[in-house]
1. Using +1 at the Cβ of each Lys and Arg and -1 at the Cβ of each Asp and Glu in segment 448-593, identify which of V500, F483, V589 lies farthest towards the dipole's positive end.
2. Taking all pairs of different Cα atoms in segment 568-666, averaging 1/r and flipping that mean, what Kirkwood radius in angstroms comes out?
3. For a protection proxy built on the mean count of beta-carbon atoms within 10 angstrom, sort 442-451, 126-135 highest first, please.
4. So what are the three principal axis dimensions of segment 221-281 from its Cα atoms, in whole Å, longest to shortest?
5. Run the numbers for A166 and V250: contour at 0.36 nm per residue of separation, minus the present Cα-Cα distance, in nm.
6. Please calculate the 1.4 Å probe accessible area of Y431, with all protein chains present, and give it to the nearest 10 Å².
7. For V217, enumerate residues with amide H under 5 Å from its amide H, sequence gap 5+ or separate chain, H modeled in the peptide plane.
8. At a 1.4 Å probe radius, carbon and sulfur cover how many percent of the accessible area of the chain?
Amino acid sequence: MIAANTKVGPALNTLLHFDLDGSLDVIMSRVEIGQGIQTAIAQIVAEELDFPIDRIRVTAPDTALVAEGGYTAGSNSIQGLGEQMHAAAADARQLALLAAADRFGLSPDELTVAAGVISGAGGAGASYGELLNEELMQSSVSGIGTRKSPEQYSIIGRSVPRGDLAEGVTGARRFLHDLTHPGMLHGRVVRPPSYSARLVSAQTEGIAALPGVVEVVRRGSFLGVIAQREEQAVAAAEALRVVAKWHTDVPLVPQSELFTRLMDTPDEARLIMKGAPVEGEVPPIKIPLSATATLEATYTRPYQMHASLAPSAAMALVAEAAATGPRLTVWTHSQGVHPLRDALAQVLELPVDEIRVRHVEGAGCYGHNGADDAGLDASLLALATPGRPVLLKWSRQDEHAWEPYGSCALVQMQGSLDASGTIVDWNHDVYSHTHGGRPRHAEGSSGLLAAWHLDPPIPAPTPRLGGGSHGGIHRNAEPLYRFQRKRVVKHFVPDSPLRVSALRGLGAYANVFAIESFMDELALAAGADPVAFRLRHLPDDRRAREVIEVAARGAGWTAGVREGGAGEGTGQGIGFARYKNEKAYVAVVAEVEVDRNTGRISLRRLVIGGDVGQIVNPDGVKSQLEGGAVQSASWTLKEAVTFGPDGITSVDWDSYPVLGFEEAPEVETILLDRPGEPSLGCGEATQGPVPAAIGNAVFHAVGIRFRDIPFGTHAVADRRHASESLPKFS
């Protein structure tokens, strides 16, 4: 047995509820958004309790049931919540053993646990529900139980099937968008044409007379309609859009000037040490005397969308005056039910305890999309129709034009080699806007979109320089490699022309793309094989070395210097990182084929090597790594938000294309299991290595170095004769 080492935590009854019928409810504080954590958490609990997993129900986060859980973000669910559930289940098992020993007049050592029943040698037995009374379940998680050792596992480490996948594939699954409720109405919001637009007038009388319309809601520049049926709400919203008059006085900056302005705008700079920003003067770049070659390169990443498959939605119900219980109930696919509740309370001027927020899955999102905003939209409409729930859905144009995007970034790299081909100096300067912005209670401001359009408006929070280990801009800016001298600087640029917040991986995507692309450029200058070059600079990190080696072997990597164009149209490239330098280790090898005549880059294959510590569910880990890799490939090859002076122009799938099914690569994942090691978060681990692996493979294939995302489909053809486009090194 391994003794649990857990600080005092929440009460057991906020996490586990044993029923007398022999079933168990696990109350989640993290949301399921397709990553499979409900299954993994059920496996952990079933393992520690010796409880049948098919009798476990997992309850979605609900502010009325579970203590504050924050956001489901940062690849923290299994690494954080999983550890807590290990401890909670072990504690519950120990309390049940003590209660059974008292009931049967035996010592705990004389008892056995099987299929959720604790039995003595004489045959007497009792279920957890019979043994753990309300008083015992009020105990806090404290580590009194002992956790199983990996040698005792029979459920953890197995690919237990996810119960939700069959319904998802067959269409039987019901997302938030599919909710029905007695007396339910349908709502739509009419958004301004641009960020700075304000409503001048709207002739609502004719709209109110349209078929099925129940209410037209106007609060400042917030416009919405409520109707009996969904198609009636859509028609009324379109009619309202025609008659609404807006004034816009602040055009957006030209997109062509985006990165110039990013560099020229005053920024707040901080040196990064041990993954965190530190106060003090930022040291200048100094080339060491031992340097025999110094290289420079600049890499960029545009604004990119969450591009959720289904636009955001929410349902809200305002209780009538005589009702008891919460005054407002909101059903949402937000990644943080408690922060959303607090943000709603502030905007609506309601006590927190009068609002209940319940999570229901939406169809796809990793990060901060429009889900929280839709929660406020639905609430504002529901306030106009007390006693009747309102299901509010965004349009595709709303989602594309108004969601908070992932921030653009520019990364300047400089590195020096000595005579032996070893990196002796490393400089990394990353410029970007905030990667935060999720809604929460904030005096005098709100992160919720509709709040900005009310009368009086509640402004958006002022972006501030973030700190902490591997925070937004500087996430993964500090590489794991060992260098003689390393200088890493984050440059926070406060004012973004577009709305931005958290997108899967945050700053790690741009930073790892730059680091791992530059490592290949340095390897070429050193006359070294890219894999061997990386291993040379990882002398002490066994797990990092092994994950690179296993990916290279799995991809059939042929050692040698990767000369540009040596692949004659086909190429291999590698990228590596440990997410946040504290979570999963991942290496990715990409294989591409490039048609110089058409400019088409075909991503044929991705081979992923992953080390996530103790694996709970192998299929779940593979799905996370592979799904993240395919999404990252789509960002890398295709995705960029476009805009003009009058607003966002990428408002549908034609103007914001994503990787299609026919373009998806073959993906192979090789996992290194580490029984007994802590489980490591993996949901965002492949985002960074993939673009570098693809870019390095393209260089191997045709000799063109891509430093600006997205790579596009015509860039190779446009540059096939442009020798000046090839990198020049000092």
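The values are calculated or read from the model by the stated rules, or taken from the named source; none is laboratory data. Note that the coordinates shown come from a computational prediction; the quantities given were computed from them, not determined experimentally. As a convention, Cβ positions derive from the backbone with ideal geometry for all residues, glycine included, and neighbour counts pool all protein chains shown. For the accessible areas, the whole protein counts, side chains as well, though only heavy atoms, and no ligand, DNA or RNA atoms are used. Shrake-Rupley method; radii C 1.70, N 1.55, O 1.52, S 1.80 Å.
1. Of the candidates, F483 comes out farthest on the positive side.
2. 15.7
3. Values: 442-451: 19.1, 126-135: 16.8.
In decreasing order of mean packing, 442-451, 126-135 become 442-451, 126-135.
4. Over segment 221-281, Cα extents along the principal axes are 60, 28, 20 Å.
5. Numbers: separation 84, 0.36 × 84 = 30.24 nm, distance 4.90 nm.
Contour length minus Cα-Cα distance gives 25.3 nm.
6. Result for Y431: roughly 20 Å² accessible.
7. Excluding prolines and chain starts, which carry no amide H, the hits are G224, V225, I226.
8. Details: 14450 of 28250 Å².
Its accessible area is 51 percent carbon and sulfur atoms.
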